[in-house]
DNA sequence: AGTGAAATTTAGAATTATTCTAATTCCAGT
DNA sequence: ACTGGAATTAGAATAATTCTAAATTTCACT
């Protein structure tokens, strides 16, 4: 009988202590940290962790679906503990990034998919304002 | 009497030949060029134009509302001759960026504005797919 | 427990995109 | 022509991220 991985959340293949430290940082902070902020915080818990490892871990965790990467406007990527679909509002003056919800999106996504030649995977809406 | 620049759009303060070259490149190409592509193309018309000037011109033209900057996902900003509101679809596999329209957005924008604490300026929707 | 292969981490170099600096040049208005 | 402010230039500087090569850890299998 094959060894079973109980999907997603439960058993995480290769969750090293570095990756775990990075995950903990993202999860215990109020979202939207940049890689270098995460590097600094993870370094406090795990002195000596390198930048490359933080980036590798962030990619690994993102691909594993445990965290989410947001790339908005110019500048550094940010990482979010929220993995459910939601949207963002960005202040055009100060750059603040806030979460908000637009439930109507699911309907829009089908419409959008029909309209483009794309097989839709996800839809993200960004509001710019003050 | 003021010196008049006879350019297509109404009154353009300070449309130097460098800025005009950059504008022409963006307008005569099928959209979505990166700054370095624009630098290369503008350099063909105006040998010696510098990177800084291309960036300065792109910012100037963007602020003047003559072109539009799109920053999607990771990577370089792209510049678009289209200045009307529209949305983008990005291929998660190959990175292709395509335009498409979602007219329903204007209604959504008001809803979104109400829901966030933002004074809405614009709303941009990004579809990820294949 | 011992071994080797594979995966991971590390430090630092390299890359890419963009901005900054300081010197020079260009113009519109006297 | 002269002048001051804006624009341009070359190249250095910065920031974010990825790459490289070596060292280390992990893990399945003896």
Number of partner chain Cβ atoms within 10 Å, mean per residue of A:93-99
1
Contour minus Cα-Cα span, residue A:103 to residue A:52, at 0.36 nm per residue, comes to 14.7 nm
Helix-only mean residue ellipticity at 222 nm for chain A, each DSSP H run of n ≥ 4 adding -39500 (n - 2.57), per residue, nearest 500
-11000 deg cm²/dmol
Can you classify chain B as rounded, prolate or oblate using the Cα gyration tensor, where a ≥ b ≥ c are the square roots of its eigenvalues, rounded means a/c under 1.5, and otherwise it's prolate if a/b beats b/c and oblate if not?
oblate
Choice from B:59, B:82, B:114 showing the highest fluctuation, given a GNM over chain B with Cα pairs closer than 10 Å
B:114
State the three equivalent ellipsoid semi-axes of the protein assembly as shown, derived from the C-alpha gyration tensor as the square roots of 5 times its eigenvalues, in descending order and whole Å.
38, 23, 18
Using the Cα gyration tensor of region B:68-111, with a ≥ b ≥ c the square roots of its eigenvalues, what is the shape: rounded (a/c below 1.5), prolate (a/b larger than b/c) or oblate (neither)?
prolate
How crowded by other chains is A:102-110, given as the mean number of beta carbons from other chains within 10 Å of each beta carbon?
3
Kindly give the distances from residue B:106 to its copy-mates, label point to label point, with each label point 7 Å from Cα along Cα→Cβ, as nm values to one decimal ordered shortest first.
2.8
So the angle from the long Cα axis of helix B:51-63 to the longest Cα principal axis of chain B, reported in degrees to the nearest 10, equals 60
Using a Gaussian network for chain A with springs between C-alpha atoms less than 10 Å apart, which of these wobbles most: A:41, A:61, A:108?
A:108
Can you tell me the 0 to 90 degree angle between the C-alpha axis of helix A:17-28 and the longest principal axis of chain A, rounded to 10?
40
Find the relative contact order for chain B and round it to a whole percent, using C-alpha pairs within less than 8 Å whose residues are 6+ positions apart.
19
Sorting from shortest, the nanometre distances separating the label point of residue B:63 (7 Å past Cα along the line to Cβ) from those of the same residue in the other copies are 4.2
Take residue B:94 and residue A:74, extend 7 Å from each Cα along the Cα→Cβ direction, and tell me the distance between the two endpoints in nm.
3.0
Connecting C-alpha atoms closer than 10 Å in a GNM of chain B, tell me which of B:37, B:20, B:103 has the biggest fluctuation.
B:103
Expressed as an acute angle from 0 to 90° and rounded to the nearest 10, what is the orientation of the C-alpha long axis of helix B:35-45 relative to the principal long axis of chain B?
30
Rounded Å value of the spacing that divides the Cα centres of region A:77-130 and region B:56-130:
11
If the label for residue B:52 sits 7 angstrom from Cα along the Cα-to-Cβ line, what are its distances to the same label in every other copy, in nm to one decimal, shortest first?
3.5
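Only the coordinates and a few stated rules stand behind these numbers; no lab work does. Keep in mind that what you see is a predicted model, and the values were worked out from it rather than measured. Positions of Cβ are generated from backbone atoms using ideal geometry, with glycine treated the same way; all protein chains shown enter the neighbour counts.
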